[in-house]
Amino acid sequence: MAYRDAQARQEQLVAERLIWPFDLLILLEHPPVITFGRNARQEHLLWSDAALLAAGIDCVTSRRGGDITMHLPGQMVGYPIVDLNHYQRDLHRFLRLLEDILIRTLADHGLQGEALPGKTGVWIEGRKIASIGVAVRHWISYHGFALNIDNDLSAFKAIIPCGLSGISMTSMSKELGRPVDKHAVAESLIGHFGKLMNRTLLGSYHDTTTAQT
C-alpha cells in the first residue's frame, strides 16, 4: 500500500478507534518511500531529487515521531491503532512494549535482538533491524514500527537512518543467511503483540475502504 494512502487511512481509523471496543494491528508493506518524522532534518537526506526519482523513491512528510527513515518491499511495517488509556497513557511504556514484541519475534527465528538505551528501535550487535516511530491523537496511537525481513538494504544509502550517523542497517535474511518466511514472522509477531499488550486476538479486520496498489 502506498505510504500516503496508509497515512490517510490511519487518520480515519484513529477516529473510529474512539468508539471501538478493540485495538487494531495493521501489517503491510510499502513501495519505496522515504518518510520525514516530526524531528527530521533535511541534511539527513543524502540523495538529490533526480537520484531519488531515478530510483523510484517517493518522499513524504509523516506525522510520526522521530527522524528520517525508509520503507520498501521486504519490510514488515506495523501500525498499531491502540487506546493508550489502557496503558496509563504512558507513551514510553508503549514504545518499550513494541521493542519487546519485536525482540521476541526475532528470537522465535533464532536472532538475538536488543533495545539500546536512548535509541528507540531494535538492534543486533549494533546493527539496526527495526525502527519505531509513533504518533498519538486523543491517546490513540498510530504509525508504529518497521522490521527489516528481506528488503534491499543498499537503498538506505539515500539517508542517514533515524539521523544516526555511522549506523549499519541489517535484515533477518541477512543475519540468518537464508530466505525468511514473512507469514511465519507475521504470525509470531501477532502472537507476541497479543500477549504483551494483553489483548485477545478477535480475528481479521476486513478493510474495504482502502484502495491498494
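Summary of computed values
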{"item": "In segment 68-176, the GluC sites (Glu not before Pro) that fall in loop regions by DSSP, at most 15 other Cβ within 10 Å", "result": "125"}
{"item": "For 17, 9, 199, order by how many other beta-carbon atoms lie within 10 Å, fewest first", "result": "199, 9, 17"}
{"item": "Under 27 Å from residue 174, Cα to Cα: lysines that are on another chain or at least 8 residues apart", "result": "119, 128, 157, 182"}
{"item": "Least to most buried among 193, 36 (fewest other Cβ within 10 Å first)", "result": "36, 193"}
{"item": "Segment 1-101: radius of gyration and largest Cα-Cα distance (Dmax), Å", "result": "15.3, 47"}
{"item": "Residues with amide H under 5 Å from that of residue 143, placed H, sequence gap 5 or more", "result": "135"}
{"item": "Ascending count of other beta-carbon atoms within 10 Å, so fewest first, for 185, 14", "result": "14, 185"}
{"item": "Listed residues 73, 117, 31, most fluctuating in the chain (Gaussian network, C-alpha, under 10 Å)", "result": "117"}
{"item": "Selected from 196, 24, 72 as most flexible by GNM, with the chain as the system and alpha-carbon contacts under 10 Å", "result": "196"}
{"item": "For the chain, fraction of C-alpha pairs farther apart than 25 Å, in %", "result": "35"}
{"item": "Over the chain, relative contact order from alpha-carbon pairs under 8 Å, at least 6 apart, %", "result": "24"}
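We did not get these values from a lab; they are worked out from the coordinates using the rules stated. Model, not experiment: these values are computed from the prediction. Neighbour counts run over all protein chains shown; Cβ positions are idealised from the backbone, glycine included.
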